[in-house]
Amino acid sequence: MNKVTHEFDLYGKHYEFETGELAKQATGAVVVKQGGTILLTTAVVSKERRDLDFFPLTVDFIEKMYAVGRIPGGYLKREARPSEKGTLTARLVDRPIRPSFPDGMRNDVHIVITTLSCDQVNQPDVISIMGASGALMVGGVPIDGPVAGVRIARDSESGEYIVNPTFEEAEASDLNLTVAGTKEYISMVEAGANEVTEEDMVAALEFAQKVIGELCDEQQKFLDKCTIEPKTYELDEPIPEVIDKVETFYDAMSAALKDADKQSRIAKVEELKDEIKASFAEEEREIWGREIAAACKALEKKAMRTMIIETGERVDGRVNDEIRPLYIKPHFLPRAHGSGLFQRGQTQVLSVCTLGMLNEWQRLDTIDPAEGKRYIHQYNFPPYCTGEVGRMGAPKRRELGHGALASRALEPMIPNEEEFPYTIRIVSEVMESNGSSSMASTCGSTLALMDAGVPIKRPVSGVAMGLIKEGDQHVILTDIQGLEDFLGDMDFKVCGTTEGITALQMDNKAKGLSTEILAEALAQAKRGRAFILDAMLEQIPMPREELSEFAPRIITIKIPVDKIRDVIGTGGKVIRGIQEETGATIEVHEDGNVFIASTDLGGETALKMVEDIVKVPEVGEEYEGTVVNIQSFGAFVKLTSSKDGLLHISRVANGRVGAVEDVLAEGDTVKVKVIEVDEKTGKISLDRLDKPDAPEGSAKGNGGNHGDRNRRPRDNRRPRRRD
């Protein structure tokens, strides 16, 4: 294929598609550009069909540091495992692309998105969806496309929508909505928002669907310029004889599904599936083994969906808008800075909050402009939470995605660092799972934050919504469990406060999902969120007024920038000494902000020491200082850890003194008052308070006479005496 290009402008942004120049041995390859951000997207489909009961699609998003003119960090100086953002972008592409393939596709499909150039103005993630769609369709792969994605921001002042905003435009927005799908339907939604109302969210979704249609039209114009050779792949088709025989067990499957206990229900269903398989002859099982398994799964799906559509009854006996029993316990762990156990049905999550210094923020080595974050939310899903055996290791894509969703939900409610100068880490440990564990993580994390005394703006709750759609009939489900997620048509997670939505995530398998159904789901979710939030607030109505005794107390002080060197000292000697003496941790920022953390009174001591270093004594202030040096003309008195003042011989006592040593000795404590500070040199002159009388005969010693005043430092500013 010769090089083909297509350029267009849409809503103030310039885009370009290219193919035929790079990666020509791939099944399909497309370069997609927005401004100076350039991505190469390749798609390869294996020639062989796999003997699997699922579709083997893999999406990789490869962040190349050369795209932003940087060398990777670390010892190897080479891109290694994907960053969290890279993994989340791969998921963002996978979710709308996967349902566009025909049912029964069993060939391996590998989509690779490589960042060739990133201008750090235009965001690369959403346009990756168009790149993946274009690469597949240029390669002749039979998908239901074109597929496109769009990010919608909203100017928080004017209320105007911004299509595929730049990083800067997104910063000024109260909405970060990503929607993907085709011209006809929405297949994926992901959003972070600052308490946006349901009505505003629906309006934004409707606008996003319109923009997706326009992007699909432009993509089709590009495809029309290309010479495409359609490819055909053998699909995994059901076998009528197998379907008919398995269907005879429909009533038994319906009965097996009616069990509120997940493990018990799974055992009954698996036992029935074994019985179904045993009803086939041995030769049939050998020939149709995979088809029989697929038919059993299809029967389970049909029985569950029919039960809901026809009777309104769910497998655990709930009605469509009913929430499973709740168990809520804040302060679950005694030594953690904050913790909360949240259980909904058989989904149980323990969230734990840890507070740290601002310098413990998470640094990011990515192609995005963001350097790091001080609010960190992590989610763990060990095998035992579903009663399974498995390997423990690095977090998987699903865990990163669920953690990111909970993080988006809570982030708008986190106080800024001026109000609460801490790095905040939340870890959500899934203890049991039967659906909606990410929403349980959101609720549990709200409990943990409030238990830790973090002054969040408002508490957040979340609920997962589902959908069963058959023809023109549909039922929206509140608080879906695992089976309703796997066999249903929609997984729609909604988080928010009493004032509005803070996060959304939706994956849709039902083609023809309208914004009207989404609006209905949002309204039903709002009622569910309110019910859950009320139950949470019964246990902990507001953030605790005091931090945990085990949490660091952070004291903040602002010092002059020119005093930073004095606080740190040569080679860090001064600040290390303060930390060793007090046990506090001290963090000094370039703007003069100093953060002192301690779990005991060491922080107050460290604060006093820092204040002493930067303190500039002023005229009229009184001190109780130590004599540190005696000269013939007076005594030097230590006022602060870094400031001395001169107490002239004429001011050490009442009457004439021949020698300072007649009245004072090094180490003596004296009360003094600042009488002068030289503006140029900073030298300080002192007067002694409660002066004693000069000892008898002192004036004769050492030639003691007022002529000695001629030896005073010039900073006393007194007229010299002329004898």
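Coordinate-derived values only; no laboratory data. Because the structure is a prediction, the values reported are computed rather than measured. Neighbour counts are summed over all protein chains in view; Cβ atoms, including those assigned to glycine, are modelled from backbone coordinates with ideal geometry.
Quick one: Cα centre-to-centre distance for region 425-483 and region 292-350, in angstrom? Answer, in whole Å: 11. The modelled label-to-label distance between Val616 and Thr227, using points 7 Å beyond Cα along the C-beta direction, is 7.9 nm.
Charging the Cβ of each Asp and Glu at -1 and of each Lys and Arg at +1, and nothing else, the dipole of region 1-158 about its Cα centre rounds to 420 debye.
Normalising by the residue count of the chain, find the relative contact order in percent from Cα pairs under 8 Å and 6+ residues apart.
On the way: 1551 pairs, mean separation 65.5, N = 723.
For the chain, the relative contact order is 9 percent.
In order along region 576-582, the Karplus-derived 3J(HN,Hα) couplings, from 6.51 cos²θ - 1.76 cosθ + 1.60 at θ = phi - 60°, round to 5, x, 4, 5, 5, 6, 9 Hz, and Gly and Pro are given as x.
Can you list the GluC sites (Glu not before Pro) in region 499-601 that are in a DSSP coil and have 11 or fewer other beta carbons within 10 angstrom?
Working: sites: Glu499, Glu516, Glu520, Glu538, Glu545, Glu546, Glu549, Glu580, Glu581, Glu587, Glu590; in loops: Glu499, Glu545, Glu546, Glu549, Glu590.
Loop-located and lightly packed - Glu545, Glu546, Glu549, Glu590.
Between Val121 and Ala170, the modelled label-to-label distance comes to 1.6 nm, taking each label 7 Å out from Cα in the direction of the beta carbon. Between helix 515-539 and the chain there is an angle of about 50 degrees, using the helix long axis and the longest principal axis of the Cα atoms.
Of all DSSP beta bridges in the chain, what percent run antiparallel (nearest 5)? List each step's numbers first, then the result.
Working: 125 of 140 bridges.
Once the DSSP bridges in the chain are tallied, antiparallel ones form about 90 percent.
Helix 84-97 and the long axis of the chain differ in direction by around 20°, with both axes built from C-alpha atoms. Taking every alpha-carbon pair within region 87-179, the share separated by more than 17 Å comes to 55 percent. Between the residues Leu299, Phe550, His648, the greatest Cα displacement towards the positive end of the dipole of the chain, with unit charges on the Cβ of Lys, Arg, Asp and Glu, is found for His648. Against the longest alpha carbon principal axis of the chain, how many degrees, from 0 to 90 and to the nearest 10, is the axis of helix 198-225 turned? Roughly 60 degrees, rounded to the nearest 10. Using the Karplus relation 6.51 cos²θ - 1.76 cosθ + 1.60 with θ = phi - 60°, the per-residue 3J(HN,Hα) values for region 563-569 come to 9, 4, 4, 5, 5, 6, x Hz, with x marking Gly and Pro. Residues within the reach of a label modelled at Phe420 (point 7 angstrom out along Cα to beta-carbon, backbone nitrogen below 14 Å), restricted to region 427-442, are 427. Across all Cα atoms of region 171-249, the radius of gyration (one decimal) and Dmax (whole number) stand at 20.6, 60 Å.
With only Cα atoms counted, region 553-614 has Rg and Dmax values of 10.3, 29 Å. Taking 22 Å as the straight-line reach from the Cα of Lys673, the lysines in range (excluding those fewer than 8 positions away in the same chain) are Lys608, Lys615, Lys638, Lys643, Lys683, Lys691. The alpha-carbon atoms of region 257-385, seen along their principal axes, cover 67, 38, 28 angstrom, with the largest extent given first.
How high is the FRET efficiency from Lys329 to Lys680, r the C-beta distance, R0 45 Å, rounded to 0.05? Using R0 = 45 Å, I get an efficiency of 0.10.
In terms of its Cα atoms, region 4-225 spans 54, 46, 35 Å along the principal axes, sorted from long to short. As a calculated quantity, the FRET efficiency between Lys258 and Arg544 at R0 = 45 Å, using C-beta atoms, amounts to about 0.55.
Taking 0.36 nm per residue of separation and subtracting the Cα-Cα distance, full extension of the segment from Ala394 to Arg656 would add 86.3 nm. Distance distribution P(r), region 6-66, all Cα-Cα pairs, bin width 5 angstrom from 0: 4, 13, 19, 19, 17, 13, 8, 5, 3, 0 percent. Across all directions, the average flat footprint of the convex hull enclosing the Cα atoms of region 133-196 is 5.2 nm². Projection of the Cα convex hull of the chain, averaged over all directions and equal to a quarter of that hull's surface, yields 41.4 nm².
With a cap of 14 neighbouring Cβ atoms within 10 Å, and only residues DSSP puts in a loop, list the trypsin sites (Lys or Arg not before Pro) found in region 71-154. Walk me through the intermediate numbers first.
Details: sites: Lys77, Arg78, Lys85, Arg91, Arg106, Arg151, Arg154; in loops: Lys77, Arg78, Arg106.
Passing sites in region 71-154 are Lys77, Arg78.
By the beta-carbon count within 10 Å of each Cβ, the least crowded to most crowded order of Met542, Met307, fewest first, is Met542, Met307.
What ranking of Thr311, Thr306 emerges when the number of other C-beta atoms within 10 Å of each C-beta is taken as an exposure proxy, fewest first?
Numbers: Thr311 9, Thr306 14.
Listing Thr311, Thr306 from fewest to most nearby Cβ atoms yields Thr311, Thr306.
Placing unit charges on each Cβ (+1 for Lys and Arg, -1 for Asp and Glu) gives the chain a dipole about its Cα centre, and among Val588, Val389, Ala440 the Cα reaching farthest toward its positive end belongs to Val588.
The fraction of all Cα pairs in region 240-311 landing in successive 5 Å bins from 0 to the largest distance is 3, 17, 29, 23, 16, 8, 3, 1, given as whole percents.
Applying a DSSP loop filter and a limit of 15 other Cβ atoms within 10 Å to the GluC sites (Glu not before Pro) in region 222-279 leaves Glu234.
Can you give me the relative contact order of region 240-311 as a percent, contacts being Cα pairs under 8 Å and 6 or more apart?
Numbers: 43 pairs, mean separation 32.5, N = 72.
Normalised by residue count, the contact order of region 240-311 is 45 percent.
Distant-in-sequence amide contacts of Ile62, defined by a placed amide H-H separation under 5 Å and a gap of 5 or more residues or a different chain, comprise Ile113, Thr114, Thr115. Diffusion coefficient (Stokes-Einstein, Kirkwood radius over C-alpha pairs, 37 °C, 0.692 mPa s) for region 1-119: 204 µm²/s, rounded to a whole number. Histogrammed with a bin width of 5 Å, the alpha carbon distances of region 326-539 distribute as 1, 7, 15, 19, 19, 16, 11, 7, 3, 1, 0, 0 percent, first bin at zero. Counting alpha carbon pairs within less than 8 Å and at least 6 residues apart, what relative contact order, in whole percent, applies to region 326-539? It rounds to 22 percent for region 326-539.
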